[in-house]
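The values are calculated or read from the model by the stated rules, or taken from the named source; none is laboratory data. As the structure is a computational prediction, the values presented were derived from the model and not from experiment. Methodologically, a virtual Cβ is constructed for each residue, glycine included, from the backbone with ideal geometry; neighbour enumeration extends over all protein chains shown. The accessibility values were calculated without ligands, DNA or RNA, using every heavy atom of the protein model including side chains. Shrake-Rupley method; radii C 1.70, N 1.55, O 1.52, S 1.80 Å.
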Amino acid sequence: MKKNKSEIELLRYRIKRYRNMGNGAMCQLLNSRLKKLLYKQQHMHT
């Protein structure tokens, strides 16, 4: 669980960095990874 939280935070940080650099393709890739992680995390609790 703790690993997922740190991974989520890292992805959010990287998304912000790539967005600031203007790299939209990498933002989309990282956002899709983030959504998958959040989905997994949400469905593990139910």
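Angle of helix 24-44 to the longest C-alpha principal axis of the chain, folded into 0 to 90 degrees and rounded to 10: 10°.
Solvent exposure of the chain, expressed per residue, is 88 Å² of accessible area, with all protein chains present and a 1.4 angstrom probe. Using the Stokes-Einstein relation with a Kirkwood hydrodynamic radius computed over Cα pairs, the translational diffusion coefficient of the chain at 10 °C and a viscosity of 1.306 mPa s comes to 145 µm²/s. Taking 0.36 nm per residue of separation and subtracting the current Cα-Cα distance, fully stretching the chain between L29 and K16 would add 3.4 nm. If you take all other residues with their beta carbon under 10 Å from the beta carbon of R33, and give Lys and Arg +1 and Asp and Glu -1, the sum is +2.
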